[in-house]
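The next block holds one structure in the form of structure tokens; read it before the comments.
Just so it is clear, none of the values below were taken in a lab; they were calculated from the coordinates. Keep in mind it's a predicted model, so treat the numbers as computed, not measured. For neighbour counting, all protein chains shown are included, and Cβ atoms are generated from backbone atoms with ideal geometry for every residue, glycine included.
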Amino acid sequence: MACHLRVDILRQDRTEEIDRISQAEADRARKRAALRKRRKRRVYLMRFLVFMIAIVMLAGGFVGIRHMVRVRTGNRSALKTPVEDALEEILIPRKKVYECPAITPALLTPNEYSRPGEPLTEVKNIFIHYTANPGTGARQNRDYFDSLAQTQITSASAHFVIGIEGEILQCLPMDEIGYAVKGRNYDSVSIECCYENENGQFSEATYRSLVELCAYLLGRYDLTEFDLMRHYDEGGKICPKYYVEHPEEWERLIYDVGYYISAHGQTQQPGDIPTAGIVESDKGNQPGEDTAGTGEE
């Protein structure tokens, strides 16, 4: 009897011990599961943080590259995204100068060396040049372009020439190319500027007319002041000399054109703009189909 009782007690103790072990194992299993869950959450969190850091680094790299490109090229629209364009149009309506400055038409005679008559179908940039001929006036440089039909020493021309007194002569219609910037004649407009001294600095009158003409042309072609370029920026030619040797003055010109647009531009075309003296087209004086020049200046 006593033996059976002792066996029952031992069996009960064994059962209780097994229950305690099972409960401990269950507790440890729950702790392991909770630990695995926490570890998994930490892994997911770390992956998310790494992903966000990568996104921020990529965005920072893009912004840095874009800033570098804009500084080097002077083009604020470089690498701009469509979203930025849309936001700018909505939040900051672009102003345009609709009134053209005083321009005297002085179109070149159609010829294969300075006015080939080929169509200009798009304009991406406005190029600024200097005549490389100190002390000469707008009419003299216009006549030089015209004389190339006879001398045939080179191919050269520009849409406009600005004189020392600020007078603006138009040498080519706006729907024709000029021979001013090799490789860019079919998508740009060029402005030649006269000057007095060897350093190539423009007179105040020339500078003022240049700012006004650039502001008008930029609005006409839906461009900004950062789409202005020196001839130097396309091919490395030292032209215009003063702005190649004094890049800070080039930055000032860009700023002055932008300021002029802000001060004199409008977000919508008014209905009382006077008729401009600019020649859009001169189809009656087109050269024959066989005219073709080198396209170099």
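Things to note:
- Selected from 213, 183, 224, residue furthest toward positive end of dipole (region 181-225; charges at beta carbon): 183
- Cα pair count fraction exceeding 14 Å, expressed as % - region 170-211: 57 percent
- Only alpha carbons enter this Debye calculation for region 96-283, each as an equal point scatterer, and the log10 of I(q)/I(0) it gives at q = 0.18, 0.20 Å⁻¹ is -1.26, -1.58.
- About its Cα centre, region 96-283 has a charge dipole of approximately 260 debye under the convention of +1 per Lys or Arg Cβ and -1 per Asp or Glu Cβ, with nothing else charged.
- Long-range amide H partners of residue 188 with built H, under 5 Å: 124
- For a straight C-alpha distance cut-off of 16 angstrom, the lysines reachable from residue 237 (same-chain residues fewer than eight places away being disregarded) are 182.
- When each of the peptides 256-267, 97-108, 42-53, 215-226 is scored by the mean number of other C-beta atoms lying within 10 Å of its residues, the order from highest to lowest reads 215-226, 97-108, 256-267, 42-53.
- Nonlocal amide H pairs with residue 103, under 5 Å, H built at 1.01 Å: 277
- Under 26 Å from residue 96, Cα to Cα: lysines that are on another chain or at least 8 residues apart: 80, 124
- Placing pseudo-labels 7 Å out from each Cα toward the beta carbon at residue 34 and residue 133 gives an inter-label distance of 9.2 nm.
- Cα centroids of region 212-250 and region 132-190: 16 Å apart.
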